[in-house]
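J.: Below you'll find the structure I mean.
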Amino acid sequence: MDVTVAEYIRRTVLKIPRDEIKTMLQKWGFLSETQLQTINFHQIKENISQDVVQLCEENSADIKQAAVLDIIYNHIYPNKRVWSVYQMNKTGEETEFFDLTDFKKKFKRRLRSALKNVTINFREYEDNAVWIRIAWGTPYTKPNQYKTSYVVYHSQTPYVFISVSVLKSNLPLLCQALVVASNYHDIREMELRSHSLNSLKDIVFKRYSQNFQTYYPRPLQERNMAPESGDLRIIQENRNEKERIQRVNQEVFGDGPQPKLEFAQYKLETMFKSDPKMDVLDEKEPFRCLVKFSSPHLLESLKSLAPAGMADAPLSPLLTCIPQKARNYFKIREKKGFFPGSFVSP
Amino acid sequence: GVFTHLEMLEARAHEAAVKQEETEQQEEKLARLKARVQELRLQRDELRAKVDLQQKGQLGKEGVVSDPAQPSARTVLEWKIKSVKAMLQVFYLTGISGKLTKRGVCFCISTAYEGTYLDSYHLDLLTKAEVQIHRHSVPIFIPLEQIAKKYLQTDIRRFLSVLSDHLNAYAGRRYQADQLQGRFSNRIEGTLQRNSLCNLLVFNYNVSSKSKTFPFNARLLYGDLCCSLPTEVTVSCTPDAPASLAEMAAAHSDLFRRVALHKAFCSFSSAEESVD
């Protein structure tokens, strides 16, 4: 077995939390159950990884199999990477049939025709998602297994989720291969980025909780009217206002959990408006500034701002439009039309 | 001298200005409070009227011997609520229901297949200027934009009908594929290859004949997105298989085109049981 492959497997195993190593190796399926039983999973990870490498040596693992283990690791811990969303366009109206074998063939062929030194692995999952792992080399060097890009694509959708590690120069190549393989015409990057792959999927696939007005009786309605617990001596003075805030919040954010984003960034290119007497940069040139909201869970924290009394309800649409507009990077320019407020560029 | 005099005048002017501001603020406050008092008086009058009404109701109950045959106001209200809920449930069960909103209409399309209710999808439409889709929860792989481009402006009914057909057919195809993977996993060799729309299924399955099992490969293409049955079916067996199996493959191919996937598999199982 190649020394580089051995080292790669060893390092991959070291990344896995100790309690998960056995399950992940079982999912991998490269080592037999009898082989796995010979490993003591209670020893320190350093030793476990050595044992695993030893067994892989016996089975003569090659880089393709090692890559599969890497995909499995990244599929279970996708939040360790930053994911960007790309949108593809096509003009035709024919029904898509998405043949997986066809897709894989086209993708590999397209990518390899531009760059021979790549390792490409595919893995399909139950939710119609195809995971693609690409390790990049150069025209003169073998693929570097530590410089990998990941692509997640759900068949018959125009969205691709890409996690590029270091080599951004290979991105156009990757995009082209995707467009060709999935029968689309072009691809562009959306202004949407997060660590949480599933939340990005929720946003673009519209799987997040939107509050639609329907007549269908929803059991949650009852829950809102639940009796106030506790001390009857405590009187809510602002009950009306509290209820109004709750109602407005529910209309905007829906009932369910929010998609998980870590930040929203607003690039302002608006004019600084000051007191005319002060004559500071007034209407002379745009005051460039960047406003960035960061949070472990941005949308949930925005949702709790008004009930916590820290902001007025309803919140600014610039904040609440994030899931619907499917973006968390905004450019705000000077208003040019009839609408109050700023003009948000597409 | 002059400067002290000026200073004094300035101070006086300043005082006067401050005083004026104060009086203005006081007047504003007074006006606001007066308005509030009006509000509260109105509220009080409303509440008084309500209390009177309720008291009269109570007296009515106590004064007259309550007729068991005549339902009380409360029971009537409860019955009304129940029947309205039932009516709304009926509308929901028809598959397409809607509610007027401030800016348009919100539609709910519910899907069902063979008597099982499946997922519901929503569309929030704006109808002020031209009809526009404001928000929706339709899956991204359903060609919503195409359907909207064709029908939304001209014929909303047709738009909803076509969309409902797409959604229901998709729900039906997915249901069949899930059933196949769930109930007949022991007959499937390897994985069932499917896609988001469930309009292309490829799988290998086992057929037993004369106590031997043979692998068949099936490829089901659903060309019509509004249909939950395939338009093209190819069932093939290995080249060295006996001739009778080729006939069986053709028969299966025909069956898959006419009958739901899981029902077809049900019939295989029962056919094999009866033979052996």
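J.: Regarding the stretch A:264-277, can at least one residue be identified that is exposed (fewer than 15 other Cβ atoms within 10 Å of the Cβ) and at pLDDT 90 or above?
T.: No: the stretch A:264-277 contains no residue that is exposed (fewer than 15 other Cβ atoms within 10 Å of the Cβ) and at pLDDT 90 or above.
J.: Something else: Does B:LEU261 satisfy the condition of being surrounded by 14 or more Cβ atoms within 10 Å (Cβ to Cβ), within 14 Å of chain A (Cβ to nearest Cβ) and modelled with pLDDT of 85 or more?
T.: When the stated conditions are applied, B:LEU261 does not pass them.
J.: Which residue out of A:GLN87, A:GLN50 is in contact with a strand residue (DSSP E or B) (Cβ under 6 Å, 6 or more places away or on another chain), surrounded by fewer than 19 Cβ atoms within 10 Å (Cβ to Cβ) and in contact (Cβ under 8 Å) with a residue 24 or more places away in the chain? Walk me through it before giving the result.
T.: Working: A:GLN50 fails: in contact with a strand residue (DSSP E or B) (Cβ under 6 Å, 6 or more places away or on another chain).
Only one candidate passes the filter, namely A:GLN87.
J.: Okay, moving on. Taking the residues in the stretch B:102-127 that are at the interface with chain A (Cβ under 9 Å from one of its Cβ atoms) and in contact with a His (Cβ under 9 Å, 6 or more places away or on another chain) as candidates, determine which candidate is surrounded by the most Cβ atoms within 10 Å (Cβ to Cβ).
T.: B:LEU123
J.: Further question: Does the stretch A:121-137 hold any residues that are in a loop (DSSP other than H, G, I, E, B) and more than 14 Å from chain B (Cβ to nearest Cβ), and which are they? If you could, list the steps in order and put the result at the bottom.
T.: Step one: of the stretch A:121-137, the residues in a loop (DSSP other than H, G, I, E, B) are A:125-128, A:137.
A:GLY137, the sole residue that qualifies.
J.: Taking the criterion of being under 28 Å from B:ARG74 (Cβ atoms), surrounded by 10 or more Cβ atoms within 10 Å (Cβ to Cβ) and of a type in the set (A, V, I, L, M), would at least one residue in the stretch B:54-62 satisfy it?
T.: yes
J.: Scan the stretch A:199-211 and report the pairs whose first residue is more than 9 Å from every other protein chain (Cβ to nearest Cβ) and whose second residue is in a loop (DSSP other than H, G, I, E, B) and basic (Lys, Arg), with Cβ atoms within less than 8 Å and a gap of 6+ or a chain change.
T.: Final answer for the pair search is A:SER199/A:LYS260; A:LYS201/A:ARG207.
J.: Only one of these is more than 30 Å from B:LEU163 (Cβ to Cβ), in contact with a helix residue (DSSP H, G or I) (Cβ under 7 Å, 6 or more places away or on another chain) and surrounded by fewer than 18 Cβ atoms within 10 Å (Cβ to Cβ): B:SER244, B:SER208. Name it.
T.: The match here is B:SER208.
J.: Within the stretch A:165-179, is even one residue β-branched (Val, Ile, Thr), touching an Asp or Glu at 6+ places or on another chain (Cβ under 9 Å), in contact (Cβ under 8 Å) with a residue 40 or more places away in the chain and farther than 15 Å from A:TRP83 by Cα?
T.: Going through the stretch A:165-179, the residues β-branched (Val, Ile, Thr) turn out to be A:166, A:179.
Keeping just the survivors that are touching an Asp or Glu at 6+ places or on another chain (Cβ under 9 Å) gives A:179.
When the remaining residues are screened for being in contact (Cβ under 8 Å) with a residue 40 or more places away in the chain, the result is A:179.
So of that shortlist, the ones also farther than 15 Å from A:TRP83 by Cα come out as A:179.
Looking for residues that are β-branched (Val, Ile, Thr), touching an Asp or Glu at 6+ places or on another chain (Cβ under 9 Å), in contact (Cβ under 8 Å) with a residue 40 or more places away in the chain and farther than 15 Å from A:TRP83 by Cα, one finds at least one in the stretch A:165-179, hence yes.
J.: For the stretch B:220-258, which positions are modelled with pLDDT of 90 or more, assigned to a loop (DSSP other than H, G, I, E, B) and out of contact with any strand residue (DSSP E or B) (no Cβ under 8 Å at 6 or more places or on another chain)?
T.: Of everything in the stretch B:220-258, those that are modelled with pLDDT of 90 or more, assigned to a loop (DSSP other than H, G, I, E, B) and out of contact with any strand residue (DSSP E or B) (no Cβ under 8 Å at 6 or more places or on another chain) turn out to be B:ASP224, B:LEU225, B:CYS226, B:CYS227, B:LEU229.
J.: If you take the residues of the stretch B:83-101 that are hydrophobic (A, V, I, L, M, F, W, C) and surrounded by 15 or more Cβ atoms within 10 Å (Cβ to Cβ), which of them is farthest from the other protein chains (Cβ to nearest Cβ)?
T.: B:ILE96
J.: Pull up the stretch B:175-196, narrow it to residues that are within 17 Å of B:VAL233 (Cα to Cα) and within 12 Å of chain A (Cβ to nearest Cβ), then point me to the one that is modelled with the highest pLDDT.
T.: Restricting to residues being within 17 Å of B:VAL233 (Cα to Cα) and within 12 Å of chain A (Cβ to nearest Cβ), the top hit is B:ALA177.
J.: Return yes or no: is B:ALA148 touching a residue at least 24 places away in the same chain (Cβ under 8 Å), out of contact with any His (no Cβ under 8 Å at 6 or more places or on another chain) and more than 21 Å from A:TYR125 (Cβ to Cβ)?
T.: Spelling it out, it is not the case that B:ALA148 is touching a residue at least 24 places away in the same chain (Cβ under 8 Å), out of contact with any His (no Cβ under 8 Å at 6 or more places or on another chain) and more than 21 Å from A:TYR125 (Cβ to Cβ).
J.: Specify which of the listed residues (A:ARG81, A:ARG10) is more than 26 Å from A:ARG193 (Cα to Cα) and of a type in the set (Lys, Arg).
T.: Only one candidate passes the filter, namely A:ARG10.
J.: Next question, about the same structure. Within the stretch A:144-184, how many residues are buried (at least 21 other Cβ atoms within 10 Å of the Cβ), closer than 20 Å to A:PHE98 by Cα and of a type in the set (S, T, N, Q)?
T.: Selection size over the stretch A:144-184: 4.
J.: Can you report the number of residues in the stretch B:151-177 which are over 18 Å from the mean Cα position of the chain (by Cα) and surrounded by 15 or more Cβ atoms within 10 Å (Cβ to Cβ)?
T.: 5
J.: Checking A:ALA129 against (1) closer than 20 Å to B:LEU200 by Cβ; (2) hydrophobic (A, V, I, L, M, F, W, C); (3) at pLDDT below 90, which test does it fail?
T.: (3)
J.: Name every residue in the stretch B:218-258 that is small (Gly, Ala, Ser), free of Cβ contacts under 8 Å to residues at least 40 places away in the same chain and more than 14 Å from chain A (Cβ to nearest Cβ), in order of residue number.
T.: B:ALA218, B:SER236, B:ALA241, B:ALA243, B:SER244, B:ALA246, B:ALA249, B:ALA250, B:ALA251, B:SER253
J.: Looking at this structure, is A:PHE122 farther than 22 Å from A:ASP2 by Cβ and not hydroxyl-bearing (Ser, Thr, Tyr)?
T.: no
The values are calculated or read from the model by the stated rules, or taken from the named source; none is laboratory data. Remember, predicted model here, so these are calculated numbers, not experimental data. Glycine gets a Cβ as well: all are built from the backbone with ideal geometry, and neighbour counts include every protein chain shown.
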